[in-house]
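What follows is a single structure, written as structure tokens, with notes after it.
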Amino acid sequence: MIEFRNVNFSYEKGREVLHDMSFRIEKGETVGLIGANGAGKSTIMKLLLGLLEADGGVFVDGTAVKKETLSEIRGKLGFVLQNSDNQMFMPTVYEDMIFGPLNYGLPREEVDRRVDEVLERLGLEYLKDRCNHKISGGEKRMAAIATILAMEPEAILMDEPTSALDPYNRRIVINTIRELEQTKLIASHDLDMILDTCGRVILISGGRIAADGDAMEILTDRELLEANRMELPFCFTGRK
Ligand SMILES: Nc1ncnc2c1ncn2[C@@H]1O[C@H](COP(=O)(O)OP(=O)(O)OP(=O)(O)O)[C@@H](O)[C@H]1O
Ligand SMILES: [Mg+2]
């Protein structure tokens, strides 16, 4: 469903951010993308969405990501960016949620049904008619997640979905991610959440893949994590 084939990427000449990166994520997999600040996680997400352009090698469902294929690709991917502020562009949460599905030609009644179902699932009915610019940071993050769920995309990219969330909403998001059958790529420093939701983890360090494999194996490998500026998930340290 998602593939990087020998991808190199630099924002500025002479400073490569991703070096010869290759990985494949099959349909239905849930994969955690972890790594220190600046490792390249968000860059990977943006390349998949075509917000950044590599010189080839990025594929979604077998289609190369490039200008001509963007609308096809965006129709398959739902995404929550690291900064949800950039993502909400309609006046109210409800209008944001219906925008995508209506655009893809779904009838209004079906869209309204989906919106109500998603809001109920996330416990966000109270946000439906609120103004996007007048809700809190965590509420915005929840609204951004609600918006992609209403799209029912084939694959979901989430960049730090639980940052800014209180423990109650974080748990709702974790449970929701676990229930979703779609292909998911989740970038986060919340390693406990990654462990709760992902069967596989890709660890990025210095623009390269430092490890790719079973989530439990990687997230219990203290040496590997510490060598890459991370720590064991809290559930293994007894700390809260
Ligand atoms: N617009 C930009 N122009 C130049 N360099 C950038 C730009 N955006 C990111 N970078 C650099 O690219 C590298 C990777 O950044 P990226 O945002 O992908 O990291 P990340 O793994 O998502 O980090 P974080 O955990 O802090 O979100 C960093 O060195 C960063 O400074
Ligand atoms: Mg990032």
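The values are calculated or read from the model by the stated rules, or taken from the named source; none is laboratory data. All values derive from a computational prediction rather than experimental measurement. We place every Cβ from the backbone using ideal geometry, glycine too, and count neighbours over all the protein chains shown. The protein model used for the area step is the full one, side chains on, heavy atoms only, and it has no ligands, DNA or RNA in it. Shrake-Rupley method; radii C 1.70, N 1.55, O 1.52, S 1.80 Å.
Leaving out ligands, DNA and RNA, what percent of the accessible area of the chain is carbon and sulfur, probe 1.4 Å? Using a 1.4 Å probe with all protein chains present, the chain comes out at 47 percent carbon and sulfur. Sparse packing (at most 13 other Cβ atoms within 10 Å of the Cβ) combined with a DSSP loop state is found for the following GluC sites (Glu not before Pro) in segment 1-48: Glu26. Extension gain, Tyr104 to Asp61: 0.36 nm times the residue separation minus the Cα-Cα distance gives 13.6 nm. Over the chain, dividing the summed -39,500 (n - 2.57) contributions of all DSSP H runs of at least 4 residues by the number of residues returns a 222 nm mean residue ellipticity of -10500 deg cm²/dmol.
The HN-Hα couplings worked out from phi for segment 65-70 by the Karplus form 6.51 cos²θ - 1.76 cosθ + 1.60 (θ = phi - 60°) are 7, 7, 3, 5, 9, 4 Hz, whole numbers, x standing for Gly and Pro. On full extension, the segment bounded by His189 and Cys235 gains 15.2 nm, given 0.36 nm per residue less the C-alpha separation.
Among the chymotrypsin sites (Phe, Trp or Tyr not before Pro) in segment 42-92, those located in a DSSP loop and surrounded by at most 11 other Cβ atoms within 10 Å of their own Cβ are Phe89.
Sorting the segments 120-127, 185-192, 169-176, 50-57 by their mean number of nearby beta carbons within 10 angstrom, highest to lowest, gives 185-192, 169-176, 50-57, 120-127. The charge dipole of segment 2-236, taken about its Cα centre with unit charges on the Cβ atoms of Lys, Arg (+1), Asp and Glu (-1) only, comes to about 480 debye.
Shown is the FRET efficiency for Glu95 and Asn37, computed with R0 = 45 Å from the Cβ-Cβ distance and rounded to the nearest 0.05: 0.85.
Structural descriptor for the chain: relative contact order 26 percent, calculated from alpha carbon pairs under 8 angstrom and at least 6 residues apart.
Give the calculated FRET efficiency between Arg171 and Asn6 to the nearest 0.05, with a Förster radius of 41 Å applied to their Cβ-Cβ distance. Efficiency, rounded to the nearest 0.05: 0.60. Let me have the relative contact order for segment 124-240, percent, based on Cα pairs under 8 Å that are six or more residues apart. It comes to 17 percent, rounded to a whole number. Distance between the C-alpha centres of segment 70-113 and segment 141-199: 16 Å, rounded to the whole angstrom.
Applying the criteria of a DSSP loop state and at most 15 other Cβ atoms within 10 Å to the trypsin sites (Lys or Arg not before Pro) of segment 194-236 yields Arg229. Segment Glu16..Glu217, full-extension length gain: 69.4 nm, with 0.36 nm per residue of separation and the alpha-carbon distance subtracted. Converting phi to 3J(HN,Hα) with the Karplus coefficients 6.51, -1.76 and 1.60 and the offset θ = phi - 60°, segment 12-21 yields 10, 4, x, 10, 6, 9, 10, 10, 6, 8 Hz in sequence order, with x at every glycine or proline. Taking the DSSP beta bridges with both ends in segment 2-236, the antiparallel portion is around 55 percent. Using every pair of separate Cα atoms, the Kirkwood estimate puts the hydrodynamic radius of the chain at 18.4 angstrom.
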